[in-house]
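> Let me begin by handing over the structure; questions about it come next.
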Amino acid sequence: MRRSAVWVLATGLVVWLVGCDSVPLTASLWTDDERREQARAYWNEGLAELSVSEGSSERADQLLVQAAHLEGPAGEGVLTISRRLLDVAPVYATKVATWLKEAVLQPPLSENPVAFGVLARAYDLLGDTRSQEESLEHAQELVARAVDLLDKAAPTDERGRLERVRRLTLAGEYCDGFLKDGTKAVRLLRGAVRLGPADIDLLELQDAQALSALGSALARNKELAQDRGEATRLTRIAAQHDSENPELLEAYGTALFLQGDLAGARRVLGEVVALAPDRAEARCMLGRVLSRLKLYRLAAVELDRALALQPQNPTARTARAALPNPLPAPEADPEEAS
């Protein structure tokens, strides 16, 4: 019985709860844009409900579960919403720990080191050292299993290939984002990319995500790149696979910024915030780009919007504090001049 309850939570199917509008039965027929838009609406409403209820609201939980259902299949949406909650404010660590400790008991999150990394972060905020260490051990075990796959023959069937790409990519993302081990991250992500088709027109989403993750890791670890343009080349190919995917576009824009192409980064990140206005990380990065371009007033607008979405975002807070005070008169925009 308990496992059934876990599965309901992890898949976000609690849509009949009292006092909460249900996810329409036609949701499975929606386009990706429609799903993202409705997920964003549920997220915003749920977050607003949490803010007025001081973090404790059954209706907010229902709305966030619905957002998770639309954000991704099975437990993936739960992970997405959990990460966002921790980014908004550490006070939500208890809620995240409660959700994720159940969701990681079953696939796909039981096989996702990133999920255990987020759970460990929640336990760290709660001061639960034992649970934090257990979560980190699970993550490390999954990474070790992924490393073992690098020496095995490639799967001969497409389903097996994509599953291995997914496992290597997640392990690489964990090493890059949580362990800050660029060398191991790049090794795992190159292994994932090698499994992809030679013809970029035949890429599946998992392949594009692997390319994007590798490019992102190389942008942060330039010494590991095969050439100066590899990071932006890989993230660009990934973004071209789905030009409406904000995650892939944001990775491309961030790589451009880290490689010094400020004009290109501004253009791409502007596309991201137009597609997904509530992506605080994209607004933060766009603000940093605008600041480097000395467009301080525009930078302040984007950083203030990022902080409205994620008040505790340390990068946004630091970047906002670094802007001139008071802000100078409106600057000449090089894009408008051209």
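> Which order do T98, T318, T232 take by accessible area at a 1.4 Å probe, largest first?
Numbers: T98 70, T318 95, T232 20 Å².
Ranked list, largest accessible area first: T318, T98, T232.
> Per residue, how much accessible area does the stretch 44-121 have with a 1.4 Å probe, in Å²?
35
> Pop out the Kirkwood hydrodynamic radius of the chain from its pairwise C-alpha distances, inverse of mean 1/r, in Å to one decimal.
Taking every pair of different Cα atoms in the chain, averaging 1/r and inverting gives 21.0 Å.
> Ok, one more. Evaluate the charge dipole of the chain about its Cα centre and quote only its size in Debye, nearest 20, assuming +1 on the Cβ of each Lys and Arg and -1 on the Cβ of each Asp and Glu.
Approximately 780 debye in magnitude.
> Ok, one more. Quick check: with the 1.4 Å probe, what order do S56, S216 take by accessible area, largest first?
Putting S56, S216 in descending order of accessible area: S56, S216.
> In whole Hz, what ³J(HN,Hα) sequence does the stretch 101-111 give by Karplus (6.51, -1.76, 1.60; θ = phi - 60°), x for Gly and Pro?
Values per residue, Gly and Pro as x: 5, 7, 5, 6, 6, 10, x, x, 6, 5, 10 Hz.
> Of I81, I237, I200, which has the most accessible area with a 1.4 Å probe, and how do the rest follow in descending order?
I200, I237, I81
> With every protein chain left in place, what is the accessible area of K294 in Å² (1.4 Å probe, nearest 10)?
Accessible area, nearest 10 Å²: 130 Å².
> Using a probe of 1.4 angstrom, how much of the accessible area of the chain is carbon and sulfur, in percent?
The value for the chain is 51 percent carbon and sulfur by accessible area.
> Right, another one. How much accessible surface area, in Å² rounded to 10, belongs to the heavy atoms of Y296 with a 1.4 Å probe?
My reading of the accessible area for Y296 is about 50 Å².
> At q = 0.20, 0.29 Å⁻¹, what is the log10 ratio I(q)/I(0) for the stretch 277-333, with the Debye formula run over Cα points and no solvent?
For the requested q values the scattering log ratios are -0.60, -1.14.
> Okay, moving on. Go through K95/K222; K222/K294; K95/K180; K152/K222; K95/K294; K101/K180 and tell me which ones have a Cα-Cα distance over 30 Å in this structure.
Working: K95/K222 37 Å; K222/K294 25 Å; K95/K180 26 Å; K152/K222 28 Å; K95/K294 40 Å; K101/K180 24 Å.
From K95/K222; K222/K294; K95/K180; K152/K222; K95/K294; K101/K180, over 30 Å: K95/K222; K95/K294.
> Probe of 1.4 angstrom, ligands and nucleic acids ignored: what's the accessible area per residue over the stretch 277-333, in square angstrom?
Computed with neighbouring chains in place, this is 52 Å² per residue.
> Another question about this same structure. With every protein chain left in place, what is the accessible area of E34 in Å² (1.4 Å probe, nearest 10)?
90
> Apply the a/c threshold of 1.5 to the C-alpha gyration tensor of the stretch 233-338 and tell me whether it is rounded, prolate or oblate.
In terms of gyration-tensor shape, oblate.
> Ok, one more. Only Cα pairs under 8 Å and at least 6 apart count here; give the relative contact order of the chain as a rounded whole percent.
9
> Using a probe radius of 1.4 Å on heavy atoms only, what accessible surface per residue do you get for the stretch 146-243? Whole Å² is fine.
The answer is 51 Å² per residue.
> From a point 7 Å beyond the Cα of Q140 in the direction of its Cβ, which residues of the stretch 150-188 have a backbone N at a distance under 13 Å?
In the stretch 150-188, the label zone of Q140 (backbone N under 13 Å from the point 7 Å along Cα→Cβ) covers 179.
The values are calculated or read from the model by the stated rules, or taken from the named source; none is laboratory data. The model shown is predicted, which means the values in this text are computed figures rather than measured ones. Methodologically, a virtual Cβ is constructed for each residue, glycine included, from the backbone with ideal geometry; neighbour enumeration extends over all protein chains shown. Surface areas here come from the heavy atoms of the whole protein model, side chains and all, with no ligands, DNA or RNA. Shrake-Rupley method; radii C 1.70, N 1.55, O 1.52, S 1.80 Å.
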